[in-house]
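One structure is given here, and the rest of the page talks about it.
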Amino acid sequence: METSTKSRVRTILVAAFGFVLLCANCRIDEKCNLLDPSCNGWGLLASFKINQQYLYITTGTASGTIQGFSVDNFTGAITAVPSATVTGLNIPRGIVASPGGKYLYVAVTTGGTIQAYSINPQTGGLTLIQSIALANAYELAVDPLGRYLFATNNAGVVTEYVIQSNGSLSVGTTGATSSPNVIPVVDTLGRYLYVGSQPGATLDGFTIQSSGALGSTIAFNTTGGRTDFVATAGNYLYVTDLAFSLVRAYSLSASSPTPALISSGSNTTTVNYLVAHPALLACYTLHSGSNAIYVLPLAANGGVTNGTAFNAGYGVSGMTIETTGRFAYVVGGANILSIYAIGSGGSLSSVGTTTVGTTPVRAAIAAIYW
């Protein structure tokens, strides 16, 4: 990889993730083992230290809520933050925090808005900045430098918003997607936006221009039957195919949003969600019908391998991984939030559970740095 590209990668990762994905001693095309304390990524955290992390979830009912928790960076344990509770939202769903943890954005589906909040760095409390209209807002993604927010809805449209210096949003460009109600993801370098096409086989890709504007839709057909859920990590894109019970791994190009297939890993049908570990340890698929989380370890080239089922004990619907990559938070049926420690190969072991509001659907981490 060219030196200028490496420099850009490091600049973005330092600004947005605090060495979550790579460290200065690792080559850009290699995995950084965050679980190994000898990795230089841990040493660099002495300069760019995670001061505090907060976990936020949405509960998707007609009287839905946002609930917030402070995260213990060493144990993964959480403590409720009363000032981060927001009530009276009509089916909130997608939720993302800006890199650096200053702002939180929530898509309220039936309410038809995107809610923008500032995050108190000392307490995690939320203060409403803006409520901007978007009919049937569904899911959200933010670019790695926190400049742009992208939102999908049930009309097959993805809308770009420019994030202002105070966290408020101004409407930018829009793009057409092959299907409504899809989850958008942005690649690690902020070059491309991707959305699946439940239940079709088309994967939509957009180039994100320097202004944040979306380029023309580039729709390409995957080798499978469906592209329900997508996730990105490093220089890779991961796509579920419910028709063939697979997760496919693709490498990303610097010149085009069209990815190149690397490999496939076996999974099951009825996937509800897909998450990729930021340090490329594994992909995780959630299955509410079987109460399972499938763990699919990733190979050195970013390829996905066959998955094994982990029994969550309840129907799971949303998952997020905290910034150091050591703990995962899963929400779903039975109104439970589960905490898992992440081990070798992305394996999961239970740390604890807590009861949350009715029908939790999504979760997001906000990391505050100093």
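The values are calculated or read from the model by the stated rules, or taken from the named source; none is laboratory data. All figures in this text were calculated on a predicted structure; none of them were measured in a lab. Heads up, the Cβs are rebuilt from the backbone with ideal geometry, glycines too, and the neighbour counts pull from every protein chain shown.
Each residue in the range 82-116 was checked for being over 17 Å from GLY68 (Cβ atoms), touching a Ser or Thr at 6+ places or on another chain (Cβ under 6 Å) and not in a loop (DSSP other than H, G, I, E, B), and 1 pass.
Residue by residue, here is whether (1) among the polar types (S, T, N, Q); (2) over 28 Å from ALA80 (Cα atoms); (3) in contact with a Leu (Cβ under 7 Å, 6 or more places away or on another chain) holds:
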position	(1), (2), (3)
ILE129	no, no, no
ASN136	yes, yes, no
GLU139	no, no, no
GLU160	no, yes, yes
ALA176	no, yes, no
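If you check SER338, SER256, SER317, SER288 for being farther than 28 Å from LEU193 by Cα and in contact (Cβ under 8 Å) with a residue 12 or more places away in the chain, only one passes: SER338. Checked against the criterion of being modelled with pLDDT of 95 or more and either outside any strand (DSSP E or B) or closer than 21 Å to ILE365 by Cβ (or both), the candidates LEU145, LEU189, LEU128 yield just one match: LEU128. Is it the case, given these coordinates, that VAL157 is over 22 Å from ARG362 (Cβ atoms), in contact with a Ser or Thr (Cβ under 7 Å, 6 or more places away or on another chain) and surrounded by fewer than 18 Cβ atoms within 10 Å (Cβ to Cβ)? For VAL157, the condition - over 22 Å from ARG362 (Cβ atoms), in contact with a Ser or Thr (Cβ under 7 Å, 6 or more places away or on another chain) and surrounded by fewer than 18 Cβ atoms within 10 Å (Cβ to Cβ) - is not met.
Checked against the criterion of being under 22 Å from SER347 (Cα atoms), modelled with pLDDT under 85 and either aliphatic (A, V, I, L, M) or buried (at least 23 other Cβ atoms within 10 Å of the Cβ) (or both), the candidates VAL271, VAL247, VAL275, VAL239 yield just one match: VAL271. Residue check: PHE206 meets all listed conditions (1) hydrophobic (A, V, I, L, M, F, W, C); (2) more than 17 Å from the chain's Cα centre (by Cα); (3) surrounded by 18 or more Cβ atoms within 10 Å (Cβ to Cβ); (4) not in a strand (DSSP E or B) but one, namely (4).
Considering the range 255-292 alone, what residues qualify as being closer than 17 Å to ALA233 by Cβ, among the small types (Gly, Ala, Ser) and not in a strand (DSSP E or B)? If the condition is that a residue be closer than 17 Å to ALA233 by Cβ, among the small types (Gly, Ala, Ser) and not in a strand (DSSP E or B), then ALA279 is the only one that fits. Counting the residues of the range 127-166 that are of a type in the set (Gly, Ala, Ser), touching a residue at least 40 places away in the same chain (Cβ under 8 Å) and within 19 Å of GLY112 (Cα to Cα) gives 3. Residue-level check: of (1) within 21 Å of the chain's Cα centre (by Cα); (2) within 23 Å of ILE339 (Cα to Cα); (3) of a type in the set (Gly, Ala, Ser), SER118 misses just (2). Screening PHE310 on (1) surrounded by 22 or more Cβ atoms within 10 Å (Cβ to Cβ); (2) outside any loop (DSSP other than H, G, I, E, B) shows it passes everything except condition (1). Residue check: THR227 meets all listed conditions (1) in contact with a strand residue (DSSP E or B) (Cβ under 6 Å, 6 or more places away or on another chain); (2) at pLDDT 80 or above; (3) not small (Gly, Ala, Ser) but one, namely (2).
When the test is whether a residue is more than 29 Å from THR323 (Cα to Cα) and either surrounded by fewer than 22 Cβ atoms within 10 Å (Cβ to Cβ) or in contact with a Phe, Trp or Tyr (Cβ under 7 Å, 6 or more places away or on another chain) (or both), THR173 passes it. Residues considered: SER288, SER256. Of these, the only one that is among the polar types (S, T, N, Q) and under 22 Å from ALA312 (Cα atoms) is SER288. Scanning the range 341-364 for residues that are part of a strand (DSSP E or B) and under 17 Å from the mean Cα position of the chain (by Cα) yields a count of 6. For the range 131-142, give me each residue that is part of a strand (DSSP E or B) and of a type outside the set (Phe, Trp, Tyr). Passing the criteria: SER131, ILE132, ALA133, ALA137, GLU139, LEU140, ALA141, VAL142.
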